[in-house]
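Single-structure report; data block below.
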Amino acid sequence: MTDPVTLSQAKELIRCLADAESVLLLAPPGVGKSEAVRQAAAEAKLPLRSLLGTQIAPEDVSGVPRIVGERSAFCPPRVLLPEDDAPFCLFLDELPASPPEVQKAFYSLLLERRLGEYRLPKGTWVVAAGNRTEDRALVRTLSSALVNRVFVLPVRVDLEEWFAWARAHGVRADVLAFVKYLPAALQRPVPADPVPFSTPRAWALLSRDLDLAEAAGRLTHDERRALAFGRLTAHDAALFCALCENGLGELRPAADYLADPALLPASETAMWFVVNRVRQAVAHGQLGTPDPVQVSAFLSALGEEYRFALLLDAVEHWAALGAEGVMLGSLKGATGLASTEGA
């Protein structure tokens, strides 16, 4: 299988390929596969006709028979073969979750663009989407015959693409700020138990729910928690709510705090959040090459508990940034060597 592509890359490939061969997008739940197909069709000015694989029977694909003269002929459903001959985008959603007999009914459609003796209008796209087997989303095993008839395209979440989409669609500033400072929260692994978990779709829906509650004058602390825990992974929901109560919108990029420790938040919850973000930025080399004097001043401005949380398992990273003196002083203070030397 090919390496995963972003949603925008998937849209480009759909535009290039979908009128010649069938494309199957595979990705975790809530990534935005269906929206990408809709956008691609709209940009190509093709009407979108959808079939949901989990809600159709084989005859919904092959059609029902009628007598024509002395013979029977199958009449395909209108959604698959409209009365005019204009091209359209046929979207087969949740194809991997459809029963084997439904998957089998799609064979000739996916490979030959044909339903019995009828062919799809020239220029018609055939695009399918669904979740992966490991996503535990009622996915059935795809037959080798079906896989051999489609171009399988794994899709991944891209943070910057999602931010661009979210801003364009009015996602709330507090949601954007949280995901910006904790990017891993945008897409969490599918949990083993049937509980809410964080996905791009979950964050977008939470933003809408918060807007509705706020417009109705009902966005209290308890109601924010109820909405967040009903949409997100539990620890994301807890941290999001705690930070909303402690100035989430005032948090800044990690590099800003190194440049000016006076910007550090007063709230303990927000402070631990900043510490976590700085740890991640240092571990992934996202701070560039800050002035060692600034690095030392930043670490010195922290309380001992926060400083040790930053240095834990990251000594080499901080040493490369020029923090040897502060680290040595912290070690001496923790072990009592400083008082021994002064005696």
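Look at GLN55 and say whether it is within 16 Å of LEU95 (Cα to Cα) and without any contact (Cβ under 8 Å) to a residue 24 or more places away in the chain. It is true that GLN55 is within 16 Å of LEU95 (Cα to Cα) and without any contact (Cβ under 8 Å) to a residue 24 or more places away in the chain. Checked against (1) among the hydrophobic types (A, V, I, L, M, F, W, C); (2) part of a helix (DSSP H, G or I); (3) over 22 Å from the mean Cα position of the chain (by Cα); (4) under 30 Å from CYS89 (Cβ atoms), VAL126 meets all criteria but (2). Could you look through segment 290-309, keep only residues that are modelled with pLDDT of 85 or more and among the aromatic types (Phe, Trp, Tyr), and pick out the one that is surrounded by the fewest Cβ atoms within 10 Å (Cβ to Cβ)? Result: TYR306. A single entry from VAL190, VAL195 fulfils the requirement of being over 17 Å from LEU159 (Cβ atoms), within 13 Å of the chain's Cα centre (by Cα), β-branched (Val, Ile, Thr) and in a loop (DSSP other than H, G, I, E, B): VAL190.
Yes/no matrix, rows are residues, columns are (1) at pLDDT 90 or above; (2) in the same structural domain as GLU112 (by TED's automatic domain parsing); (3) closer than 24 Å to GLU117 by Cβ:
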{"residue": "GLU12", "(1), (2), (3)": "yes, yes, no"}
{"residue": "ALA18", "(1), (2), (3)": "yes, yes, yes"}
{"residue": "GLU21", "(1), (2), (3)": "yes, yes, yes"}
{"residue": "LEU26", "(1), (2), (3)": "yes, yes, no"}
{"residue": "GLU35", "(1), (2), (3)": "yes, yes, no"}
{"residue": "GLY63", "(1), (2), (3)": "no, yes, yes"}
{"residue": "ASP84", "(1), (2), (3)": "no, yes, yes"}
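Of all positions in segment 239-246, at least one carries a residue that is surrounded by fewer than 16 Cβ atoms within 10 Å (Cβ to Cβ) and assigned by TED's automatic domain parsing to the domain that holds PRO196. State all residues of segment 212-225 that are among the acidic types (Asp, Glu) and either in contact with a Pro (Cβ under 6 Å, 6 or more places away or on another chain) or under 19 Å from LEU239 (Cα atoms) (or both); if no residue qualifies, say none. If the condition is that a residue be among the acidic types (Asp, Glu) and either in contact with a Pro (Cβ under 6 Å, 6 or more places away or on another chain) or under 19 Å from LEU239 (Cα atoms) (or both), then ASP222, GLU223 are the ones that fit. Taken over segment 83-123, residues that are touching a strand residue (DSSP E or B) at 6+ places or on another chain (Cβ under 9 Å) and assigned to a loop (DSSP other than H, G, I, E, B) amount to 9. Within segment 95-114, restricting attention to residues that are surrounded by fewer than 22 Cβ atoms within 10 Å (Cβ to Cβ) and touching a helix residue (DSSP H, G or I) at 6+ places or on another chain (Cβ under 6 Å), the residue that is nearest to PHE197 (Cα to Cα) is ALA97. If you go through segment 117-126 one residue at a time, do you hit one that is modelled with pLDDT under 85 and within 22 Å of SER34 (Cβ to Cβ)? Checked against the condition, which is being modelled with pLDDT under 85 and within 22 Å of SER34 (Cβ to Cβ), segment 117-126 yields no hits at all. Tallying residues that are without any contact (Cβ under 8 Å) to a residue 60 or more places away in the chain, of a type in the set (A, V, I, L, M, F, W, C) and either over 25 Å from ALA105 (Cβ atoms) or in contact with a strand residue (DSSP E or B) (Cβ under 9 Å, 6 or more places away or on another chain) (or both) within segment 131-146 yields 3.
Report, by residue number, each residue of segment 221-262 that is of a type outside the set (D, E, K, R) and part of a loop (DSSP other than H, G, I, E, B). GLY230, LEU232, THR233, ASN246, GLY247, LEU251, PRO253, listed by residue number.
Does LEU205 satisfy being in a helix (DSSP H, G or I), assigned by TED's automatic domain parsing to the domain that holds ALA281 and not polar (S, T, N, Q)? Spelling it out, it is not the case that LEU205 is in a helix (DSSP H, G or I), assigned by TED's automatic domain parsing to the domain that holds ALA281 and not polar (S, T, N, Q). Each residue in segment 1-28 was checked for being buried (at least 18 other Cβ atoms within 10 Å of the Cβ) and out of contact with any strand residue (DSSP E or B) (no Cβ under 8 Å at 6 or more places or on another chain), and 2 of them qualify. When residues in segment 103-121 are screened for being within 19 Å of GLY53 (Cα to Cα) and touching a Gly at 6+ places or on another chain (Cβ under 9 Å), 4 of them pass.
If the condition is being closer than 23 Å to ALA192 by Cβ and not polar (S, T, N, Q), then segment 118-154 contributes GLY130, ARG132, GLU134, ASP135, ARG136, ALA137, LEU138, VAL139, ARG140, LEU142, PRO154.
The values are calculated or read from the model by the stated rules, or taken from the named source; none is laboratory data. Values in this document were obtained by computation on a predicted structure and should not be read as measured data. As a convention, Cβ positions derive from the backbone with ideal geometry for all residues, glycine included, and neighbour counts pool all protein chains shown.
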